[in-house]
Amino acid sequence: MAPRPFRLGRSRTGLGIFATRPIKKRTTISEYRGKMLGLDAALKAEKSGNRYLYEVNSKWTIDGAKRGNIARYFNHSCNPNADTFIRGKRVFIRTIKNIEPGDEICYDYGRDYLKNVIGLENCQCSRCRKRRAKQRAETRERNARRKKRLEAKGLTKGKAVKTTAAKKTKKSVKSRKTRR
Ligand SMILES: [Zn+2]
């Protein structure tokens, strides 16, 4: 492998891996290195809080917690630009998109990890942050529209009063209609 096309840097969640030059799609850039653990040892490591375990197959897990394993710094993303592949018992990281210098390189850790370790609503990847920002903007817009509607009805006093008053108005309009 040529010298690393990436460096370790500050990311949103701590440390991450950032490209230092353009990297073509489908380039193998790193290997997930560490001690091979059998089933019992892997379970024990997991219980002790080791978050750098890569399950290679039903028998073997790589303990990638050692600092020498640079691949442990690739962060998770739900919209990744890299992925992992297995050759025998070895695990490699390769790009799945063309990558520009400065881009953070991430791969998808999988649904289980996202659900059980990161937490679905805690994911800090760019896609999840965008999704949450959009949701917040939509809520803000909805609230602004609601406020405008109420103001148009001349109900600009205290919030609690506003809501009940608005409901009452609606109801009375309805009942008048049914009466006719
Ligand atoms: Zn995400």
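Pick out the one residue from Lys59, Lys35, Lys89 that is open to solvent by 60 Å² or more (accessible area, probe 1.4 Å) and in contact (Cβ under 8 Å) with a residue 40 or more places away in the chain.
Details: Lys59 fails: in contact (Cβ under 8 Å) with a residue 40 or more places away in the chain; Lys35 fails: in contact (Cβ under 8 Å) with a residue 40 or more places away in the chain.
Exactly one of Lys59, Lys35, Lys89 is open to solvent by 60 Å² or more (accessible area, probe 1.4 Å) and in contact (Cβ under 8 Å) with a residue 40 or more places away in the chain, namely Lys89.
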* Provide a single number: the residues in the stretch 123-144 that are within 20 Å of Cys106 (Cβ to Cβ) and either within 9 Å of the ligand (Cβ to nearest atom) or open to solvent by less than 90 Å² (accessible area, probe 1.4 Å) (or both). => 10
* Structure fact -> Residues in the stretch 38-51 that are open to solvent by less than 90 Å² (accessible area, probe 1.4 Å) and either over 22 Å from Ile118 (Cα atoms) or not small (Gly, Ala, Ser) (or both) total 3
* Identify, by number, the condition in (1) surrounded by fewer than 11 Cβ atoms within 10 Å (Cβ to Cβ); (2) under 19 Å from the mean Cα position of the chain (by Cα); (3) on the phi < 0 side of the Ramachandran plot that Gly68 doesn't meet. => (2)
* Confirm whether Arg26 is within 19 Å of the chain's Cα centre (by Cα), away from the ligand (no atom under 16 Å from the Cβ) and outside any helix (DSSP H, G or I). => no
* To do: Would you be able to say whether some residue in the stretch 88-109 is among the polar types (S, T, N, Q), closer than 29 Å to Lys35 by Cβ and away from the ligand (no atom under 16 Å from the Cβ)?
  => yes
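The values are calculated or read from the model by the stated rules, or taken from the named source; none is laboratory data. All values reported here derive from a predicted model rather than from experimental measurement. Cβ sites come from the backbone with ideal geometry, for glycine too, and all protein chains shown count toward neighbours. Ligands, DNA and RNA are excluded from the accessible area calculation, which covers all protein heavy atoms including side chains. Shrake-Rupley method; radii C 1.70, N 1.55, O 1.52, S 1.80 Å.
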